[in-house]
1. Whole-Hz Karplus ³J(HN,Hα) for region 419-424, in order, using 6.51 cos²θ - 1.76 cosθ + 1.60 and θ = phi - 60°, x for Gly and Pro?
2. If I model a spin label as a point 7 Å beyond the Cα along the Cα-Cβ vector, how far apart are those points for residue 49 and residue 451 in nm?
3. For the chain, list log₁₀ I(q)/I(0) at each q in 0.10, 0.11 Å⁻¹, using the Debye formula over Cα point scatterers of equal strength and ignoring solvent, two decimals each.
4. If N is the number of residues in region 268-325, what value comes out of its Cα radius of gyration divided by 2.2 N^0.38 Å?
5. In the chain, once you exclude exposed chymotrypsin sites (Phe, Trp or Tyr not before Pro) (DSSP loop, at most 15 other Cβ within 10 angstrom), what's the longest stretch remaining?
6. Hey, with R₀ at 35 Å, roughly what FRET efficiency would residue 117 and residue 242 work out to, going by the Cβ-Cβ distance, to 0.05?
7. Quick check: Cα centre of region 73-104 to Cα centre of region 292-348, how many Å?
8. For helix 211-221, what angle does its Cα long axis make with the longest principal axis of the chain, in degrees from 0 to 90 and rounded to 10?
Amino acid sequence: LDVIRSVEPRVAGAITQELADQRSSLKLIASENYASPAVLLTMGNWFSDKYAEGTVGHRFYAGCQNVDTIEALAAEHARELFGAPYAYVQPHSGIDANLVAFWSVLAARIEAPALVEAGVKNVNDLNEDDWTTLRRAFGDQRLLGMSLDVGGHLTHGFRPNISGKMFTHASYGTDPETGLIDYDAVRAKAKEFKPLILMAGYSAYPRKVNFATMREIADEVGATLIVDMAHFAGLVAGKVFTGDFNPVPFAHITTTTTHKSLRGPRGGAVLAQPEFAEFVDKGCPMVLGGPLSHVMAAKAVAFAEARTPQFQTYAHNVADNAVALAEGLSKRGGTLVTGGTENHLVLLDVSSFGITGRQAESALVDSGIVTNRNSVPQDPNGAWYTSGIRLGTPALTARGFGRDEFDRTAELIVDVLTATSPVAASSGGVSKAKYDLPSDVAAKTRAAAAEI
Ligand code: PLP
């Protein structure tokens, strides 16, 4: 830090403050974690300075022998960890991993047959007419994904994201009674919509997904199954999700982030069945530029950590702790979407406290508890104010929290939400953003949160 301070003391100050904040509050953001010192240290080194476009052994730059070593290692660890035939570790983030997956499917299923038809080997050899036809074909494909308002992700075909602009999109929801995915309804939708890509995976669905059934549905309609396991990769790696609930054997392509439940550096990765490997391998230059070699090195370290028995224990604790948190909230009157959890996250509907998700989020932050507001299915408050908060256990489990600590955390959350009330909006009526939380409750909770 002294070195950083000598150049820009404000950056050093922000780093120190971030550490203090993360230590003194309860981090319950379901997509966050604490990476190990080994992972963090691996990111701060000279690999950051190296350009290495291409793939292992096939680079467009000289002097990439050490990058080859770490990229090959990271891919090998990822293959072993997830039991995948092929792994690509260059994506800089989850959105990049999904872009690589989408374009790999387009390359494999639209471009490759078009090249055969036109009698050429390379896309550069297409004549202008064939190229125009191919570009039109790229833009005329369909993707079916989980609806955003029941926990799907923006990158699964929604309009603000490039995926929504690339594909004609339709979504499947959950059963309004149970909050669970209704596989018969997914099948019916897939048969009607006939997507090129069936997408599974979520950011805010608190249950397991049956990927064997998803693959059956994909096969029935001739779709390619992409599973985005960004949120629950740690539970797959730690063998909490096995059999039909492990996506890797069933998906044609599995994408992930490396920084959420997996506890690695910020980044993404793509796993693929052999028939898609050669297309995924062209992620750079298809949609990626030079890889972040220092981050690939840290991915290798994180995947190696995730292959240990200690990581399996950690992953099982993440899931057990989510149950403890859910039970702690329920027994104190909290309403949970789907009634509980089977993974690392809990979705609490805060409307029974008479407040919005936005008010709940802010009141909890005032009290040293960091969560994020989240829509609940059929949310009357929309995606900005919302009626829910999403709570995840990966980060605090990494800090050593067990069931008792999560029960205490549930108690603090319910105390704060009970003490929070909406106030009048300046435009009249009740505000969806402003709230009142007695300062002694916030102070007492902050102290209690720091003590757990
Ligand atoms: N996919 C899912 C399911 C996610 O939850 C997220 C992030 O929240 C992403 C993709 C995007 O990851 P990143 O923020 O690394 O681009």
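Here, each number is a calculation from the coordinates, and none is a lab measurement. Everything quoted here is computed from the prediction, not taken from an experiment. Cβ coordinates were reconstructed from backbone atoms using ideal geometry, including for glycine residues, and neighbour counts include every protein chain displayed.
1. Karplus-based 3J(HN,Hα) across region 419-424 equals 7, 8, 9, x, 10, 5 Hz.
2. Simple spin-label model gives 5.0 nm for this pair.
3. Result of the Debye calculation: -0.76, -0.91.
4. Details: Rg = 16.2 Å, N = 58, 2.2 N^0.38 = 10.3 Å.
This ratio for region 268-325 stands at 1.57.
5. Working: sites that count: 60, 61.
Of all site-free stretches, the longest is 62-452.
6. Numbers: r = 42 Å, r/R0 = 1.20.
Calculated transfer efficiency: 0.25.
7. If we compute the Cα centre of each part, the gap is 21 Å.
8. In the chain, helix 211-221 runs at an angle near 50 degrees to the longest axis.
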